[in-house]
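Some notes on the structure that comes next.
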Amino acid sequence: MKKIPTAVYILALLVMSLVLLRPLLGPGFYVSDDGEWMVIRLSAFFQSLRDGQFPVRFLGRLNNGYGYPVANFLYPGFLYIGSLIHGLGFSFVDSVKIILGGSVIGAGVGVFLWLRVFFSPFASFLGAVSFLSSPYLMFDLYRRGSVGEVFAMLPAAWSLYAISSRKMWLLVPSLGLLLIAHNTLAILFILYLGSLLLTT
C-alpha cells in the first residue's frame, strides 16, 4: 500500500478545520458570552494605541467614558495582534474572527506534528481531529467566545511539538506567544512543559 504523504493529512486537517469554523464565515459576530466584548475591547485598545499609549494599560473609551484599566490584567496578545490585523484593513469583528480561525487551524496542525513524533501519520491525524472537534474547544469557541483561551491553544501545541521533536529554536517564540496569549493557561501549560523538559 502506498504511503500517504504528510502534506495530504495536513490538507485534510485544514478542510476539517474549515468545516468546524464555518460559523465564523458568516456576517457579523455570533452570540457568545465574551466574544462580543472582546471585539469592543479590541476597538478601544486600538484607539488607545493609535492615541500613543504604549504599552496600552487604560482603555479610556470604555466604562461610560470613565475608562477601564482592563489592559493591566487581561491577556494582551490578541489585542496587539488584532490591532495589527485591523491596521491592515480588516474590521474589528473580522480581526477577532481571523485570530480565532487562525488559532484553531494552527493548533490543529501543531497537535498533528506533535503526535507525529510518537505515532503513525494516520493515528496522529485522528488525534488532531479529536482535538479540533473536542467539546472543550468548541464550547470555548462558540459558547464562551474566549479569544485568549482559543488563541493559547496555538502556541501550546507548537511548544509541545518543539520539546518532543527537540526543535528548541521553536520553543522560545512559542512560549513567548503563550505567555501573552492567556495568563492562566500559560501558567498551567508552562508547569507541564517544564516537567516535560525535565523528562526528555
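The values are calculated or read from the model by the stated rules, or taken from the named source; none is laboratory data. Remember, it's a predicted structure, so these values are computed and weren't measured experimentally. Backbone-built Cβ (ideal geometry, glycine too); neighbour counts: all protein chains shown. The accessibility values were calculated without ligands, DNA or RNA, using every heavy atom of the protein model including side chains. Shrake-Rupley method; radii C 1.70, N 1.55, O 1.52, S 1.80 Å.
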Between Arg22 and Phe118, with labels modelled 7 Å along Cα→Cβ, what's the label distance in nm to one decimal, could you check? 3.3
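Percentage of Cα-Cα pair distances in segment 107-200 greater than 21 Å, rounded to whole percent?
Working: 1355 of 4371 pairs.
Summing the P(r) tail past 21 Å for segment 107-200 gives 31 percent.
Mind giving me the FRET efficiency for Leu188 and Leu88? R0 is 30 Å, r the Cβ-Cβ distance, nearest 0.05 is fine. Could you put the intermediate results ahead of the total?
Numbers: r = 32 Å, r/R0 = 1.07.
Working from the Cβ atoms, E equals 0.40.
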Rounded to whole angstrom, the alpha-carbon centroid of segment 19-86 lies from that of segment 94-137 at a distance of 25
For the chain, report the accessible area per residue in Å² (1.4 Å probe, heavy atoms, rounded to an integer). 52
State the extension gain, in nm to one decimal, for the chain segment bounded by Leu14 and Tyr66, taking 0.36 nm per residue of separation less the distance between their alpha-carbons. 14.3 nm
Taking only DSSP H segments of four or more residues, each worth -39500 (n - 2.57), what value at 222 nm results for the chain once the sum is divided by all its residues, to the nearest 500 deg cm²/dmol? -21500 deg cm²/dmol
Which whole-number percent of Cα pairs in segment 45-146 have a distance greater than 17 Å? 64
By per-residue mean of other Cβ atoms within 10 Å, what is the highest-first order of 59-70, 137-148? 137-148, 59-70
Could you list which residues have their amide H under 5 Å from that of Tyr68, counting only those 5 or more apart in sequence or on another chain, with H placed in the peptide plane? Leu59, Gly60, Leu62
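Express in nm, to one decimal, how much length is gained between Glu36 and Ile4 on full extension, taking 0.36 nm for each residue of separation and deducting their alpha carbon distance. List each step's numbers first, then the result.
On the way: separation 32, 0.36 × 32 = 11.52 nm, distance 4.16 nm.
Gain in length upon complete extension: 7.4 nm.
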I want to verify a result. In a Gaussian network model of the chain, Cα cutoff 10 Å, which of these has the top mean-square fluctuation: Val172, Val104, Val93? Val172
Max mean-square fluctuation residue, GNM over the chain, Cα-Cα springs under 10 Å, options Phe29, Phe54, Phe112: Phe54
Specify the angular offset, from 0 to 90 degrees and rounded to the nearest 10, of the alpha carbon long axis of helix 92-116 from the longest principal axis of the alpha carbons in the chain. 20
